[in-house]
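The block underneath contains the structure these notes are about, expressed in structure tokens.
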Amino acid sequence: MTVDSRRNSDRLGLLLAILLALTGLLGALIAWRLSEADRASGDAAEIGRLAELLPDQAGVLQQMLQRVREAEVSISINGQAREAPSTGMLSIVSISPVALQADGSLAAGAAVADGAIVPTKGAAGFRLTLSGTGVAGQAVAVRVRRDGLIDNGYSQLWSWPGVDTVPVDLITPFGRANFDANPGHYEIETYLTGSLAGKLGLTVAPATP
């Protein structure tokens with residue numbers, strides 16, 4: 001092996017070592033960010049439970065809860081716990097349970113009201129219809145919480161297209177596999193550039209024997 005070949009080999013080894021070190025650092029950073037997001041979700045759930053136990057302080061605690069949830073969404077959108085300036089308006093038009101068809105398509109049932117009780121049988125997920133005015137190109141996020149804890153299988157993030165209304169199918173991989181939605185109380189929240197834009201709740205009732 002010549003001197004030049006040995007030098008090139010040493011340089012290649014050094015570059016490989018640096019690459020491996022950076023890969024490990026990136027993996028550690030990703031793991032840390034995921035653990036922080038999970039902890040924030042758990043902390044938010046604890047604040048919600050505390051508001052139930054202390055009704056006299058519920059107003060203040062609910063405001064804290066909203067700020068924690070907005071911070072979590074802002075981090076996923078902007079990389080920091082501060083929402084970007086937003087113009088326009090984003091609102092929830094309706095929500096309907098959806099059933100998985102034999103061909104893999106989703107059929108929406110009748111729209112239900114905020115606070116409705118929906119039977120789990122045949123409800124693979126939900127179809128949320130959103131309306132936007134002056135929000136084209138802005139980041140829209142959807143978060144779904146079941147019994148106070150976020151269900152990341154429903155989480156969505158996208159940029160609003162140049163249309164007035166958008167149907168959003170909220171369905172997990174389990175729903176796509178034709179499993180019914182889990183029973184429980186669901187909170188569906190929409191965010192515009194990290195700020196809470198709208199929310200509603202419904203309860204999925206367990207199947208009766």
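The values are calculated or read from the model by the stated rules, or taken from the named source; none is laboratory data. Source: prediction; values computed, not measured. Methodologically, a virtual Cβ is constructed for each residue, glycine included, from the backbone with ideal geometry; neighbour enumeration extends over all protein chains shown. SASA here: full protein model, heavy atoms, side chains in, ligands and nucleic acids out. Shrake-Rupley method; radii C 1.70, N 1.55, O 1.52, S 1.80 Å.
Per the conditions (1) more than 23 Å from Ala71 (Cα to Cα); (2) open to solvent by 20 Å² or more (accessible area, probe 1.4 Å); (3) in contact with a Lys or Arg (Cβ under 9 Å, 6 or more places away or on another chain), the sole criterion not satisfied by Thr133 is (3). With respect to the conditions (1) touching a Phe, Trp or Tyr at 6+ places or on another chain (Cβ under 6 Å); (2) closer than 19 Å to Val73 by Cα, Ser159 lacks only one, and its number is (1). Of all residues in region 82-112, which are open to solvent by 40 Å² or more (accessible area, probe 1.4 Å), under 30 Å from Ala71 (Cβ atoms) and not in a strand (DSSP E or B)? Residues satisfying the conditions are Arg82, Glu83, Pro85, Ser86, Thr87, Gly88.
Only one of the numbered conditions (1) hydroxyl-bearing (Ser, Thr, Tyr); (2) open to solvent by 10 Å² or more (accessible area, probe 1.4 Å); (3) in contact (Cβ under 8 Å) with a residue 60 or more places away in the chain; (4) within 18 Å of Ser94 (Cα to Cα) is violated by Ser195, and that is (4). Say whether the condition of being among the β-branched types (Val, Ile, Thr), exposed (fewer than 14 other Cβ atoms within 10 Å of the Cβ), modelled with pLDDT of 95 or more and assigned to a strand (DSSP E or B) is met by at least one residue in region 164-174. Yes, some residue in region 164-174 is among the β-branched types (Val, Ile, Thr), exposed (fewer than 14 other Cβ atoms within 10 Å of the Cβ), modelled with pLDDT of 95 or more and assigned to a strand (DSSP E or B). Only a single criterion out of (1) at pLDDT 95 or above; (2) outside any loop (DSSP other than H, G, I, E, B); (3) open to solvent by 30 Å² or more (accessible area, probe 1.4 Å) is not satisfied by Gly115, namely (2).
Can Ala139 be described as aliphatic (A, V, I, L, M) and surrounded by fewer than 19 Cβ atoms within 10 Å (Cβ to Cβ)?
It is false that Ala139 is aliphatic (A, V, I, L, M) and surrounded by fewer than 19 Cβ atoms within 10 Å (Cβ to Cβ).
All conditions but one from (1) under 18 Å from the mean Cα position of the chain (by Cα); (2) hydrophobic (A, V, I, L, M, F, W, C); (3) surrounded by 14 or more Cβ atoms within 10 Å (Cβ to Cβ) apply to Trp158; the one that does not is (3).
Okay, residues lined up against (1) over 21 Å from the mean Cα position of the chain (by Cα); (2) over 14 Å from Ala197 (Cβ atoms):
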residue	(1), (2)
Gln101	yes, yes
Ala110	yes, yes
Gly115	no, yes
Val118	yes, yes
Leu130	no, no
Val163	yes, yes
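Pairing residues of region 124-144 that are without any contact (Cβ under 8 Å) to a residue 60 or more places away in the chain and closer than 23 Å to Ser96 by Cα with residues that are buried (at least 21 other Cβ atoms within 10 Å of the Cβ) and of a type in the set (Gly, Ala, Ser), at Cβ distances under 7 Å and at least 6 apart in sequence or on separate chains, gives Ala124/Gly175; Ala124/Ala181; Gly125/Gly175; Gly125/Ala181.
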